[in-house]
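K.L.:
Here you go, one structure.
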Amino acid sequence: MMIHWMSLVFMASEECGERLQPVYLHKQQLMTLVQTGFFFGNTTLFLIQGLYLIVCIAYAAAMTWMLFLLVDSLFGMRVTKDDEMVGLDLAQHHEAAYTVLE
Amino acid sequence: MDSGDTGWVLVSAILVFIMTPGVAFFYGGMARRKNILSILMQCFIIACLISLQWVLYGYSLSFGPDTGHGIIGNLDWVGLRSVGLQPNPDYAGTIPHLAFMIFQAMFAIITPALIVGAFAERIKFSSFVIFTLLWATFVYDPIAHWVWATGGWLRNMGALDFAGGIVVHVSSGVSALVIAILIGKRLGYSKQSFAPHNLPLTVLGGALLWFGWFGFKAGSALGAGEIAAHAFVTTNIAAAAAGLTWALIEWQQHGAPTMLGMVTGAVVGLVSITPACGFVGVLSAIAIWRRSAAYFSCLAVCCIKRTESGI
């Protein structure tokens, strides 16, 4: 049983290492991966996923930072202190969710 | 063309759509009573705005033919030109291309809505609208292109993202953190109470999220088959295990399990299963997401204390 399982993992790494495609393309291939538990046997994929994660974090952070500063300098991102005390419902939308007095 | 697959993807698109109101109520209930409508409004205006952005040019930037370096799609599909009823075999060979497009539109909508918590109760609405449009165009669309579109550079390398765990959750989470740091704490933070004003609304939001997440994950199989069933089961298991774990931890640490803690735990479980729900085994799902619940509970407390991300 153990040997059988190991060979499946090996097959998965061999088969999928370089050519692994995203799920949208290869349903059958993905099923093979599901059945063989490739997460425990594919270092290349693990590294690629790591790169993907790091690149996305860096890009999203840098881009958000720039866009925020851009909009903030042009229009101001934050409401005035008075508006914040009153609450955005009244200050920004001129309505209230709950009636305070009948 | 497969009618079963088409039916399931369209139903999944509906389920993913309901997650945006779900987020609105989930966050809204945690805000103070004077800000609940602003949060609902922000989420709903995102649904309007990004629906149009997606059809006009967002879908083309994300999934359109690559410009050559795997960075961004070109403008061939602007206004859904050549996105029709015939399947696009590059993305989903058994459903109309339009069905794939609208399913993806729901992802593009929910992602900026997830950020709303970071600037809750203190952002100017007009600036928020402009920022959201820019964010969808310059952050979401390129990242989606990199990993999901034909020709995307990460997809070419073989990167996997089953249902957008990184495209959706990591990109919005990181951006939320950056915004929370930049916009600063709410007025009077740590001097007055910021208790959630309406917990039943938060629980309702959590319920809608759990409900919609089945479409988010099982729909990402883009067909009514084995992977959909697998993702469906791991999704439910992850939410259940994380919700239970959070409640137990709270019980032990604070003497009572709270509804807020339980529903937060369930949502954390749903978030963490996303990238892998098509791959992992059911029992691993329980083990991994029991641990992630414990981890996230510590992380959340640290983050909120440090940067005061509104919610």
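K.L.:
Give just the number: which of (1) over 17 Å from the mean Cα position of the chain (by Cα); (2) at pLDDT below 90 does residue B:238 not satisfy?
P.N.:
The single condition residue B:238 does not satisfy is (1).
K.L.:
Between a residue in the stretch B:79-99 that is over 25 Å from residue B:163 (Cβ atoms) and any residue that is of a type in the set (A, V, I, L, M, F, W, C) and surrounded by fewer than 16 Cβ atoms within 10 Å (Cβ to Cβ), which pairs come within a Cβ distance under 8 Å, given they are 6 or more apart or on different chains?
P.N.:
Once the first residue is over 25 Å from residue B:163 (Cβ atoms) and sits in the stretch B:79-99, its partners that are of a type in the set (A, V, I, L, M, F, W, C) and surrounded by fewer than 16 Cβ atoms within 10 Å (Cβ to Cβ) give B:79/B:56.
K.L.:
Restricting to the stretch B:98-139, name every residue that is in a loop (DSSP other than H, G, I, E, B) and open to solvent by 10 Å² or more (accessible area, probe 1.4 Å).
P.N.:
B:124
K.L.:
Separate question: Just wondering, is there one or more residues in the stretch B:206-222 that are farther than 30 Å from residue B:95 by Cα and assigned to a helix (DSSP H, G or I)?
P.N.:
Looking through the stretch B:206-222, at least one residue is farther than 30 Å from residue B:95 by Cα and assigned to a helix (DSSP H, G or I).
K.L.:
Only residues in the stretch A:51-65 that are at the interface with chain B (Cβ under 7 Å from one of its Cβ atoms) count as the first member; pair them with residues that are open to solvent by 50 Å² or more (accessible area, probe 1.4 Å) and not aliphatic (A, V, I, L, M), Cβ under 6 angstrom, at least 6 apart or cross-chain, and list the lot.
P.N.:
A:63/B:138
K.L.:
Can you tell me which of A:59, A:24, A:52 is open to solvent by less than 50 Å² (accessible area, probe 1.4 Å) and at pLDDT 50 or above?
P.N.:
A:52
K.L.:
Have a look at B:233, B:174, B:170 and point out the one that is at pLDDT 85 or above and over 16 Å from the mean Cα position of the chain (by Cα).
P.N.:
Result: B:233 is the single residue among B:233, B:174, B:170 that is at pLDDT 85 or above and over 16 Å from the mean Cα position of the chain (by Cα).
K.L.:
For the list (1) open to solvent by 10 Å² or more (accessible area, probe 1.4 Å); (2) small (Gly, Ala, Ser); (3) within 13 Å of chain A (Cβ to nearest Cβ), I need the number of the one condition that residue B:3 fails.
P.N.:
For residue B:3, the failing item is (3).
K.L.:
Let me ask something additional. Taking the criterion of being open to solvent by less than 30 Å² (accessible area, probe 1.4 Å), more than 30 Å from residue A:99 (Cα to Cα) and within 14 Å of chain A (Cβ to nearest Cβ), would at least one residue in the stretch B:36-48 satisfy it?
P.N.:
No, because not a single residue in the stretch B:36-48 is open to solvent by less than 30 Å² (accessible area, probe 1.4 Å), more than 30 Å from residue A:99 (Cα to Cα) and within 14 Å of chain A (Cβ to nearest Cβ).
K.L.:
Let me ask something else about it. For the stretch A:70-79, what are the residues that are out of contact with any helix residue (DSSP H, G or I) (no Cβ under 6 Å at 6 or more places or on another chain) and open to solvent by 80 Å² or more (accessible area, probe 1.4 Å)?
P.N.:
A:70, A:73, A:74
K.L.:
Among the listed residues B:95, B:181, which satisfies the condition of being more than 19 Å from the chain's Cα centre (by Cα), more than 7 Å from chain A (Cβ to nearest Cβ) and crowded, with 24+ Cβ neighbours inside 10 Å?
P.N.:
Testing whether each residue is more than 19 Å from the chain's Cα centre (by Cα), more than 7 Å from chain A (Cβ to nearest Cβ) and crowded, with 24+ Cβ neighbours inside 10 Å leaves just B:95.
K.L.:
Please tell me if residue B:134 is under 20 Å from residue A:78 (Cα atoms) and without any contact (Cβ under 8 Å) to a residue 60 or more places away in the chain.
P.N.:
yes
K.L.:
Another question about this same structure. So if I check each of B:197, B:230, which one is assigned to a helix (DSSP H, G or I), within 14 Å of another protein chain (Cβ to nearest Cβ) and touching a residue at least 24 places away in the same chain (Cβ under 8 Å)?
P.N.:
B:230
K.L.:
Testing residue B:51 on (1) part of a loop (DSSP other than H, G, I, E, B); (2) open to solvent by 30 Å² or more (accessible area, probe 1.4 Å), one condition comes back false. Which one is that?
P.N.:
Going through the list (1) part of a loop (DSSP other than H, G, I, E, B); (2) open to solvent by 30 Å² or more (accessible area, probe 1.4 Å), residue B:51 breaks only (1).
K.L.:
Given the criteria modelled with pLDDT of 95 or more and away from chain A (no Cβ under 12 Å), does residue B:17 qualify?
P.N.:
Answer is yes for this residue.
K.L.:
Go over the candidates B:232, B:216, B:211 one by one and state the one that is out of contact with any Phe, Trp or Tyr (no Cβ under 9 Å at 6 or more places or on another chain) and among the aromatic types (Phe, Trp, Tyr).
P.N.:
Answer to the selection: B:211.
K.L.:
Would you check which residues across the stretch B:147-176 are in contact (Cβ under 8 Å) with a residue 60 or more places away in the chain, more than 8 Å from chain A (Cβ to nearest Cβ) and open to solvent by 10 Å² or more (accessible area, probe 1.4 Å) and list them?
P.N.:
B:150, B:151, B:153, B:156, B:169, B:176
K.L.:
Within the group B:84, B:58, B:29, B:70, which residue is open to solvent by less than 10 Å² (accessible area, probe 1.4 Å) and in a loop (DSSP other than H, G, I, E, B)?
P.N.:
Going through B:84, B:58, B:29, B:70 in turn, the sole match is B:70.
The values are calculated or read from the model by the stated rules, or taken from the named source; none is laboratory data. Keep in mind the model is a prediction, meaning the values are calculated, not measured. With ideal geometry, Cβ positions are generated from the backbone for all residues, glycine too; neighbour counts draw on all protein chains shown. What goes into the accessible areas is simple: the full protein's heavy atoms, side chains included, and nothing from ligands, DNA or RNA. Shrake-Rupley method; radii C 1.70, N 1.55, O 1.52, S 1.80 Å.
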